[in-house]
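Shown next, in structure tokens, is the structure this report addresses.
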Amino acid sequence: MTSINKPIEVMKRYEMKYVLSPRQTAFLKERLMGRMYEDRYGLTSIASLYYDTPDRRLIRASMEKPLFKEKIRLRSYGIATNSSPVYLELKRKTGSIVYKRRVSTTIPNVNDFFAGKGEIGKDGQISREISYFRDYYKELVPSCLIIYDRVAYYEKDGDLRLTIDHDPRFRTRDLDLTTSMEGESLLPPGNTILEIKVQEAMPLWLSTVLAEGEIYKTSFSKYGEAYKWQALKRAE
């Protein structure tokens with residue numbers, strides 16, 4: 001189990017996503033009992049501020065479903081302040097394998113970084129990768145704020161991690177991690193997003209549970225869905 005205050009800085013894992021109905025969510029939680037355990041933080045509100053080019057180059061490329069895609073976001077656990085820790089994350093995905101690099105920082109440091117005033121974090125490989133990403137895309141600005149209420153589960157003697165995100169929501173105005181956790185809902189009331197994260201193969205018992213619950217993998221992207229919602233509004 002990873003502390004929120006000391007998160008893993010480098011991650012490589014398989015990630016699978018599922019959209020669950022209220023019935024499926026209840027079924028899954030019941031079947032997890034005795035096999036996986038809710039982490040000590042319980043239900044945690046998470047906000048991720050996605051950065052993109054002014055013409056939304058990153059999300060437009062991602063929605064074409066290429067073999068390789070990448071995103072950059074600033075994450076906070078709860079409402080942030082200018083002095084509280086936030087996490088700048090570079091997320092790359094090749095097929096089902098996710099590579100994530102992140103550094104702990106503060107909002108003023110991030111604002112300076114994207115304005116081209118210095119680097120982010122301590123000098124090292126992760127900081128260099130994030131700086132290269134910024135310099136490659138040249139102009140990255142706040143694009144969309146994704147918010148959800150997450151419960152994380154862990155396996156006592158394994159690397160399996162599972163999260164259930166309640167009420168995923170977004171906003172494209174007031175792109176500030178210090179104001180509120182409000183936004184427009186991305187799913188019908190009661191529906192959740194399940195993410196399964198594992199270093200190796202999914203255990204057989206979990207595959208069986210998913211089959212019994214008629215829970216099937218999807219390619220749901222919170223930022224992608226928010227972008228589609230905005231495109232529909234512009235078309236109205």
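Quick check on GLU195: is it closer than 27 Å to TYR14 by Cα and modelled with pLDDT of 95 or more? Outline the logic, then answer.
Values: closer than 27 Å to TYR14 by Cα: yes; modelled with pLDDT of 95 or more: yes.
Answer is yes for this residue.
Quick one: would you say ARG60 is surrounded by 15 or more Cβ atoms within 10 Å (Cβ to Cβ) and either closer than 23 Å to ARG150 by Cβ or modelled with pLDDT of 90 or more (or both)? So ARG60 fails the test.
Counting only residues that are assigned to a loop (DSSP other than H, G, I, E, B), under 18 Å from ASP159 (Cα atoms) and among the charged types (D, E, K, R), how many does the stretch 170-209 have? Walk me through it before giving the result.
Going through the stretch 170-209, the residues assigned to a loop (DSSP other than H, G, I, E, B) turn out to be 172-183, 186-191, 199-203.
When the remaining residues are screened for being under 18 Å from ASP159 (Cα atoms), the result is 199-203.
Then keep just the ones that are among the charged types (D, E, K, R); that gives 200.
Matching residues across the stretch 170-209 total 1.
Restricting ARG150, ARG161 to residues that are surrounded by 20 or more Cβ atoms within 10 Å (Cβ to Cβ), within 27 Å of MET36 (Cα to Cα), within 17 Å of the chain's Cα centre (by Cα) and modelled with pLDDT under 95 narrows the list to ARG161.
Note on the stretch 54-89: residues that are more than 28 Å from GLY42 (Cβ to Cβ) and of a type in the set (Phe, Trp, Tyr) amount to 1.
Do we have LEU140 as touching a Pro at 6+ places or on another chain (Cβ under 6 Å), surrounded by 15 or more Cβ atoms within 10 Å (Cβ to Cβ) and either closer than 18 Å to LEU49 by Cα or at pLDDT below 95 (or both) here? Spelling it out, it is not the case that LEU140 is touching a Pro at 6+ places or on another chain (Cβ under 6 Å), surrounded by 15 or more Cβ atoms within 10 Å (Cβ to Cβ) and either closer than 18 Å to LEU49 by Cα or at pLDDT below 95 (or both).
Give the residue, chosen from ILE107, ILE130, ILE97, that is buried (at least 18 other Cβ atoms within 10 Å of the Cβ), in contact with a Lys or Arg (Cβ under 8 Å, 6 or more places away or on another chain) and β-branched (Val, Ile, Thr). Can you show your working first?
Numbers: ILE107 fails: in contact with a Lys or Arg (Cβ under 8 Å, 6 or more places away or on another chain); ILE97 fails: buried (at least 18 other Cβ atoms within 10 Å of the Cβ).
So the residue among ILE107, ILE130, ILE97 that is buried (at least 18 other Cβ atoms within 10 Å of the Cβ), in contact with a Lys or Arg (Cβ under 8 Å, 6 or more places away or on another chain) and β-branched (Val, Ile, Thr) is ILE130.
So, TRP229, is that one more than 24 Å from GLU70 (Cα to Cα), aromatic (Phe, Trp, Tyr) and assigned to a helix (DSSP H, G or I) or not? Criteria not met by TRP229.
I want to confirm something. Restricting to the stretch 210-226 and keeping residues that are in a loop (DSSP other than H, G, I, E, B) and of a type in the set (Ser, Thr, Tyr), which single residue is farthest from the chain's Cα centre (by Cα)?
Applying the first criterion (in a loop (DSSP other than H, G, I, E, B)) to the stretch 210-226 yields 213-217, 219-221.
Remaining after also requiring of a type in the set (Ser, Thr, Tyr): 216, 219, 221.
Values: TYR216: 20, SER219: 13, SER221: 9 Å.
Among those residues, the one meeting the criterion is TYR216.
For the stretch 172-220, a tally of residues being of a type in the set (A, V, I, L, M, F, W, C), closer than 15 Å to MET16 by Cβ and surrounded by 13 or more Cβ atoms within 10 Å (Cβ to Cβ) returns 10.
For the stretch 24-68, filtering for residues that are under 19 Å from VAL141 (Cβ atoms) and of a type in the set (D, E, K, R) leaves 5.
The values are calculated or read from the model by the stated rules, or taken from the named source; none is laboratory data. This one's a predicted model, so the numbers in the text were calculated from it and none came from an experiment. Heads up, the Cβs are rebuilt from the backbone with ideal geometry, glycines too, and the neighbour counts pull from every protein chain shown.
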